[in-house]
1. Mind checking whether some residue in the stretch A:5-13 is modelled with pLDDT of 75 or more, within 11 Å of chain B (Cβ to nearest Cβ) and within 28 Å of B:Ala119 (Cβ to Cβ)?
2. Checking the condition under 27 Å from B:Arg47 (Cβ atoms) and within 11 Å of another protein chain (Cβ to nearest Cβ), which residue from B:Tyr250, B:Tyr270 passes?
3. Specify which of the listed residues (A:Ile68, A:Ile22) is modelled with pLDDT of 75 or more and farther than 24 Å from A:Leu282 by Cα.
4. Which of the residues belonging to the stretch A:173-193 are touching a Lys or Arg at 6+ places or on another chain (Cβ under 8 Å) and away from chain B (no Cβ under 12 Å)?
5. Please work out if B:Asp65 is surrounded by 24 or more Cβ atoms within 10 Å (Cβ to Cβ), in contact with a strand residue (DSSP E or B) (Cβ under 8 Å, 6 or more places away or on another chain), charged (D, E, K, R) and touching a residue at least 12 places away in the same chain (Cβ under 8 Å).
6. Hey, any hits in the stretch A:154-168 for a residue that's within 22 Å of B:Pro251 (Cα to Cα) and over 30 Å from the mean Cα position of the chain (by Cα)?
7. A:Ile334 - would you say it is within 12 Å of chain B (Cβ to nearest Cβ) and open to solvent by 30 Å² or more (accessible area, probe 1.4 Å)?
8. Go through (1) within 30 Å of A:Ala337 (Cβ to Cβ); (2) within 12 Å of chain B (Cβ to nearest Cβ); (3) under 12 Å from the mean Cα position of the chain (by Cα) and name the single condition A:Thr273 misses.
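The values are calculated or read from the model by the stated rules, or taken from the named source; none is laboratory data. Keep in mind that what you see is a predicted model, and the values were worked out from it rather than measured. For neighbour counting, all protein chains shown are included, and Cβ atoms are generated from backbone atoms with ideal geometry for every residue, glycine included. Side chains included, ligands, DNA and RNA excluded: accessible areas come from the protein's heavy atoms. Shrake-Rupley method; radii C 1.70, N 1.55, O 1.52, S 1.80 Å.
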Amino acid sequence: MGSYIARRLVQTIGMMFLLSVILFALVNLVPGGPLAGQGQSRHVRPERAEQLKRQFGLDKPLPLQYLIWLVGNDWMRVDNDGDGVLDSYGTRKGILRGDFGYSFWTREPVLKEIAARLPNTIYLMGTTMLVALAIAIPFGVISAIRQYSAFDISVTTFSFAGQAIPEFWLGLLLILVFYVWLKNPFTGEPLFPPGGMYSLDSGFSLGDRLWHLVLPVTAGALGWIAWYSRFLRSSMLDVVHQDYLRTARAKGLSERSVLYRHGLRNALIPLVTMLALDLPYLFAGAVFIEMIFAWPGMGRLYYQAALQRDYPLLMAILVIGAGVIILSNLLADILYAYLDPRIRYT
Amino acid sequence: MSALVWRRFRRHPGAIAGSITFSLIVLAVLLVPLSPYDPNTSQMAERLQPPSWQHPMGTDALGRDLLTRVLYGGRISLSVGLMVVSIALLIGVPIGAVAGYSSGRLDSILMRTTDAFLALPSFLILILLGAILREIDIPMLSRNNVFTIAIVIGLFSWMTFSRLVRAIFLTMREMDYIAASRSLGGSGLWIVLAHILPNSIGPIIVAATLGLGYAIIEESGLSFLGFGIQPPTPSWGNLLSNAQEQFIKYPWLAIFPGLMIFLSIISINYIGDGLRDAVDPYKVLIKVGDV
């Protein structure tokens, strides 16, 4: 197992390197390039553009720019004022040393901006995923055990519908129904708030927090409930016909113990991999949900950064996002090998 | 073979309902030039009317008939979807075929690249590229036209196909009729084109159908955020996006474009599911490609 993990780690590092090259190439080879967002105005005089290019080191060959992006430029002299003469040593430390630069827009360190928003997204999407799994697992399992029953047919139909509803449309519909149309019969106020994390006019209260979570979590979770109940149904169906369940029954175990202790446990194993593979989509969903429900998280930060073409911020979120995805894939592989003894560490 | 597939497909009620719904959508979208209204001319006297017999989906803030605009938007959304799938097939199938047939070093390079693309937060990259390209005028790709958006989405959608085709090739390579063809002197290229590809067409069609639905969702999402197709050209996504400011008072603006996305995706998914069951012998292979 130790050598398996070591080899996967080496592969992961190679993969991260490959990804950093792809991301860097994407941003720098696209027409317009990183300078298109700098200087705010699209109509920069050519000599000013040249000066900016030298200031930001964009006149250097791409491989050198990539190297600087990775390890920084404090080992070489740079042209700070863009007049074509090298001045002092650079100050960038490179992303390998945790320097993702400054936001073009707020001039704050990019990592500081991300740190302020990340917890809100984890809070929202974490809740969404927990709710989704808490509903999808029983749905999928019961659906598989009672295959072709009325319950199964409803779950299957629902899961087709749920996977076809775009979350940005669902979000708008939920606001229409629960904020605009339905009112609290006692106070006449809207049933749920249309956005935000908490009420601004009152202090902290758990009830208020949960009240604000209902609509965004519903909008985000429905698609996942649909997808995971379908996934669990088929994974449970695979397990139900295995020999070891017949063995368990032959031993005289109760049906309950057969299905849950021997069946469900094995049906849940593939879910580990699926969760890791789905992480990018979870994050993409956060962009829509946070935008519609005015949620101050990473998704909305990314959306705003794209509007303002704030390259350092965009690149930082992309690099960190890709890193998290790769690490979670690695973790899923290791967990999978650990959970399923049939998988040899080769 | 195809008669058998059709017979199995017909037995799938969801697939039939899906095919009918989707055909109706395509037909309506094709026939929209017959509409008495122009999608772009504003009629200020008619603005923001609720659904009625004259305007079944109501009118928008400029008094344009929403049904006409939704159907013109459907032309855009569906053609972007079709182009994305074609681009993804053009990239993914050769990569998967080469990887699956060659094995060894080339296989591992191609598959690592596929893995790397799968690990990219692709929708975020689409947002980034959309944000850059919508500001730029270059021939063919100017300002997020249909072609630009299709290429951008297509560049991040081919991975399913390369994995699927590789998995099929790995299995088929070992089969007896391939060995027979080889012993009769069939060259590598001949075996791929004459034997393996025709026999893998079923699962590829299934994956392409499901990919079409996915591409439509991606385009609408991107346009909803404002980084996809740019107004005044309507697409389902940017119609929804425009509705955002006013949908609380004028809900039909948000309901109908989204409903069209929903109906297209659900019918495409049912068709895909029916096809998947119909080409059953390869069900296992599809699983291999998916996971």
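1. yes
2. Only one candidate passes the filter, namely B:Tyr250.
3. Working: A:Ile22 fails: farther than 24 Å from A:Leu282 by Cα.
Sole residue among the options that is modelled with pLDDT of 75 or more and farther than 24 Å from A:Leu282 by Cα: A:Ile68.
4. A:Glu189, A:Leu191
5. yes
6. no
7. Working: within 12 Å of chain B (Cβ to nearest Cβ): no; open to solvent by 30 Å² or more (accessible area, probe 1.4 Å): yes.
Spelling it out, it is not the case that A:Ile334 is within 12 Å of chain B (Cβ to nearest Cβ) and open to solvent by 30 Å² or more (accessible area, probe 1.4 Å).
8. Of (1) within 30 Å of A:Ala337 (Cβ to Cβ); (2) within 12 Å of chain B (Cβ to nearest Cβ); (3) under 12 Å from the mean Cα position of the chain (by Cα), only one is false for A:Thr273: (3).
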